[in-house]
Amino acid sequence: MTEAESKKNESIADPSVELTNTLQRVQADFENYRKRTQNELTQQYAHGKATAFKEMLASADTLESAITKVKDAHQKDLENLRAQFLKLLAQNGVKPIETINKPFDPFVSECILQGNDPSKKEDIVLEEFQRGYWFHDDVLRTAKVKVNKYVSMESDHDNQPTKQGETKHE
C-alpha cells in the first residue's frame with residue numbers, strides 16, 4: 001500500500017479529522033464574513049457623513065456671501081459664525097482645498113473661466129468662485145476656479161482678416 005492510500009484510509013477511518021477540517025473552513029469563512037460586513041458598515045457610515053457634510057457646504061457658501069455683502073456691525077458676528085462652522089467641519093475631517101496661486105489640478109478643481117495675467121505662470125489658479133473641500137483624503141466638492149492661460153496678441157493680430165476676407169498667415 002502506498003503512502004497516499006494509507007493517508008486516505010486514515011482520513012476515512014477517522015471522521016474527527018474530516019469534521020475538524022470542515023469546522024476550520026466554516027470558522028475561517030465566518031471570520032471573513034465578519035470582517036467584510038464590518039468594512040461595509042464603516043464605508044456606509046463614512047459615505048453618509050460625507051453626504052451630510054456636502055449638503056452643509058451650501059450653508060458655508062451662504063455665510064461667505066453674507067460676509068462680503070454686509071458691511072456693518074453684523075459682519076463680525078457672521079465671521080465668528082463662519083469660523084465656528086469651519087472649525088466644526090475641520091474636526092470631522094472636512095477641510096478647504098487651497099487653490100489660489102497654485103497650479104490647476106483637474107482632480108480637485110473645475111475651470112469655469114480662463115484669464116490672461118502675464119505676471120503669473122500659465123495654468124495657475126487666479127480666482128476661486130466656489131471653494132472646494134476635502135473629506136479626509138477624498139474630494140468632497142471640487143473648487144470652481146479661473147485659470148491663467150496666456151493669449152498671445154501676435155497670434156490674434158496675425159489672424160485678422162485682410163482685404164478680401166482672407167486670413168493673414170506667415
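The values are calculated or read from the model by the stated rules, or taken from the named source; none is laboratory data. All figures in this text were calculated on a predicted structure; none of them were measured in a lab. In this analysis, Cβ positions are derived from the backbone assuming ideal geometry, glycine residues included, and neighbour counts consider all displayed protein chains. These accessible areas exclude ligands, DNA and RNA; they are computed on the full protein's heavy atoms, side chains included. Shrake-Rupley method; radii C 1.70, N 1.55, O 1.52, S 1.80 Å.
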Looking at E110, is it in contact with a strand residue (DSSP E or B) (Cβ under 9 Å, 6 or more places away or on another chain), in a loop (DSSP other than H, G, I, E, B) and either open to solvent by 80 Å² or more (accessible area, probe 1.4 Å) or on the phi > 0 side of the Ramachandran plot (or both)?
no
K146 passes all but one of (1) open to solvent by less than 60 Å² (accessible area, probe 1.4 Å); (2) charged (D, E, K, R); (3) out of contact with any Leu (no Cβ under 6 Å at 6 or more places or on another chain); which number fails?
(3)
Being under 14 Å from E128 (Cα atoms) and open to solvent by less than 60 Å² (accessible area, probe 1.4 Å): is that true of P103 here?
no
Could you check how many residues of the range 130-143 are assigned to a strand (DSSP E or B) and open to solvent by less than 50 Å² (accessible area, probe 1.4 Å)?
5
Residue pairs qualifying under the 7 Å Cβ cut-off, at least six apart or on distinct chains, with the first in the range 108-136 being touching a residue at least 40 places away in the same chain (Cβ under 8 Å) and aromatic (F, W, Y) and the second being surrounded by fewer than 15 Cβ atoms within 10 Å (Cβ to Cβ) and assigned to a loop (DSSP other than H, G, I, E, B), are none
I'd like to know if the range 53-76 contains one or more residues that are modelled with pLDDT of 90 or more, under 19 Å from the mean Cα position of the chain (by Cα) and farther than 17 Å from T142 by Cα.
no
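When the residues of the range 114-129 are filtered to those that are in a loop (DSSP other than H, G, I, E, B) and charged (D, E, K, R), which remaining residue is most open to solvent (accessible area, probe 1.4 Å)?
To start, the set of residues in the range 114-129 that are in a loop (DSSP other than H, G, I, E, B) comprises 116-123.
Filter again for charged (D, E, K, R), leaving 117, 120-123.
On the way: D117: 45, K120: 64, K121: 153, E122: 86, D123: 60 Å².
Among those that are in a loop (DSSP other than H, G, I, E, B) and charged (D, E, K, R), it is K121.
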The correct count of residues that are open to solvent by 90 Å² or more (accessible area, probe 1.4 Å) and among the charged types (D, E, K, R) in the range 42-76 is 5
